[in-house]
Amino acid sequence: MSRPGIRIRVAGRPAHYDRAGAGPPVVLVPGLGLSTRFYEPLLAAFARAGLDLIVPDLPGFGRTSGSASGHSVPELADWLLRFADALELERPAWLGHSVGCQIALRLAATRPERAAALVLAAPTGAPVRLRLTRQLVSLPRAAVREPLDLILAVIRDYVRVLPSAYLGTWLRGGRDRPMEILPAIECPVLLCAGDRDPICGAMFLRQLAEGIPGARIAIIPGGGHGLPRDSSQRFTEEAAPFLRRAATVAAQLSAGAVEDAGRGG
């Protein structure tokens with residue numbers, strides 16, 4: 001079941017999110033400048049797969065207001081924790097897309113008890129020189145590899161974004177160093193990328209997997225950088241079983257902790 005256009009207050013300010021499905025909760029962290037509307041195909045796919053997908057508009061994008069100068073990765077990670085608190089989500093899974101992966105990683109590293117699992121789709125943040133310049137060069141190649149409906153969906157979101165908020169968040173994201181926090185990740189992690197993505201390469205996925213014990217890699221045939229939308233069904237087929245297993249393990253661990261606390265009392 002889908003419940004679009006929901007409003008809630010986060011840290012005293014109104015925020016917008018969409019939600020679909022029933023089952024283990026998964027909070028999606030959107031890519032830079034993208035709104036809940038971009039992820040409509042994934043909302044439907046996850047609902048069919050028996051998952052409760054929650055997609056907020058991050059501050060400054062979509063229908064959630066934010067700073068005109070943008071936000072840093074730690075600021076957005078903190079906002080997401082407050083968003084989860086507002087929805088009474090104690091330990092959901094987190095699904096990051098593109099720059100949203102850096103935010104999800106930061107959240108899971110700083111507050112590991114709040115993350116049941118991570119799915120990182122087309123992650124950014126590779127430890128290379130001139131990272132932002134390389135992203136700019138790769139964007140035209142990424143665009144020509146994407147279907148027309150995805151390009152139109154991106155344009156639809158971007159025309160509503162204040163340029164200073166987009167640029168400020170992008171520049172701050174470029175200063176973020178996700179590789180440095182990988183040892184702090186404690187939850188199960190699935191790394192996903194499309195085999196047609198010029199921004200997220202196989203080498204970066206391997207580097208992430210080497211830094212996160214037990215992380216698994218899934219390459220989606222035909223997927224581009226807009227993976228959760230351009231290959232929503234194939235992506236769901238990889239991500240959904242992983243997320244259901246992680247939710248089961250998290251519930252068992254939580255039940256065990258409660259039982260141990262009861263014995264201690």
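Are any residues in segment 21-62 on the phi > 0 side of the Ramachandran plot and either β-branched (Val, Ile, Thr) or in contact with a His (Cβ under 8 Å, 6 or more places away or on another chain) (or both), and if so, which ones?
Within segment 21-62, 60, 62 meet the criteria.
Based on this model, can you work out whether residue 118 counts as surrounded by 24 or more Cβ atoms within 10 Å (Cβ to Cβ), modelled with pLDDT of 95 or more, touching a strand residue (DSSP E or B) at 6+ places or on another chain (Cβ under 7 Å) and at negative phi?
Judged against the criteria, residue 118 is a match.
Could you tell me how many of the residues in segment 162-185 are of a type in the set (Asp, Glu) and within 13 Å of residue 104 (Cα to Cα)?
Residues flagged as of a type in the set (Asp, Glu) and within 13 Å of residue 104 (Cα to Cα) within segment 162-185 amount to 1.
Looking only at strands (runs of 3 or more DSSP E) that lie completely in segment 1-40, which have at least 3 residues being over 19 Å from residue 93 (Cα atoms) and free of Cβ contacts under 8 Å to residues at least 40 places away in the same chain?
2-10
Kindly indicate which of 160, 172 is farther than 29 Å from residue 252 by Cα, basic (Lys, Arg) and in a loop (DSSP other than H, G, I, E, B).
Every option except 160 fails the conditions.
Say we look at segment 186-233 and pick out the residues that are within 25 Å of residue 109 (Cβ to Cβ), touching a Pro at 6+ places or on another chain (Cβ under 7 Å) and assigned to a loop (DSSP other than H, G, I, E, B); which of these is modelled with the lowest pLDDT?
Applying the filter and picking the extreme gives 200.
For segment 193-212, check the following and say yes or no: at least one residue is among the aliphatic types (A, V, I, L, M), surrounded by 15 or more Cβ atoms within 10 Å (Cβ to Cβ), farther than 13 Å from residue 121 by Cα and touching a residue at least 24 places away in the same chain (Cβ under 8 Å).
Yes - at least one qualifying residue is present in segment 193-212.
Does segment 93-122 hold any residues that are part of a loop (DSSP other than H, G, I, E, B) and either within 16 Å of residue 188 (Cα to Cα) or without any contact (Cβ under 8 Å) to a residue 40 or more places away in the chain (or both), and which are they?
111, 115, 116, 117
Return yes or no: is residue 108 under 30 Å from residue 211 (Cβ atoms) and crowded, with 22+ Cβ neighbours inside 10 Å?
When the stated conditions are applied, residue 108 passes them.
Kindly list the number of the only condition in (1) closer than 17 Å to residue 239 by Cβ; (2) surrounded by fewer than 16 Cβ atoms within 10 Å (Cβ to Cβ); (3) of a type in the set (Gly, Ala, Ser) that fails for residue 11.
(1)
Please indicate, with yes or no, whether at least one residue in segment 35-55 is crowded, with 22+ Cβ neighbours inside 10 Å and within 22 Å of residue 181 (Cβ to Cβ).
No, that holds for no residue.
Taking segment 47-92 as the region of interest, how many residues are under 28 Å from residue 241 (Cα atoms) and outside any helix (DSSP H, G or I)?
Going through segment 47-92 one residue at a time, the tally reaches 16.
Could you go through segment 58-70 and let me know if any residue there is within 14 Å of the chain's Cα centre (by Cα) and surrounded by fewer than 24 Cβ atoms within 10 Å (Cβ to Cβ).
No, there is no match, as no residue in segment 58-70 is within 14 Å of the chain's Cα centre (by Cα) and surrounded by fewer than 24 Cβ atoms within 10 Å (Cβ to Cβ).
The values are calculated or read from the model by the stated rules, or taken from the named source; none is laboratory data. Because the structure is predicted, anything quoted here is derived from the model rather than measured. When we count neighbours, we look across all protein chains shown, and the Cβ atoms used for this are built from the backbone with ideal geometry, even at glycine.
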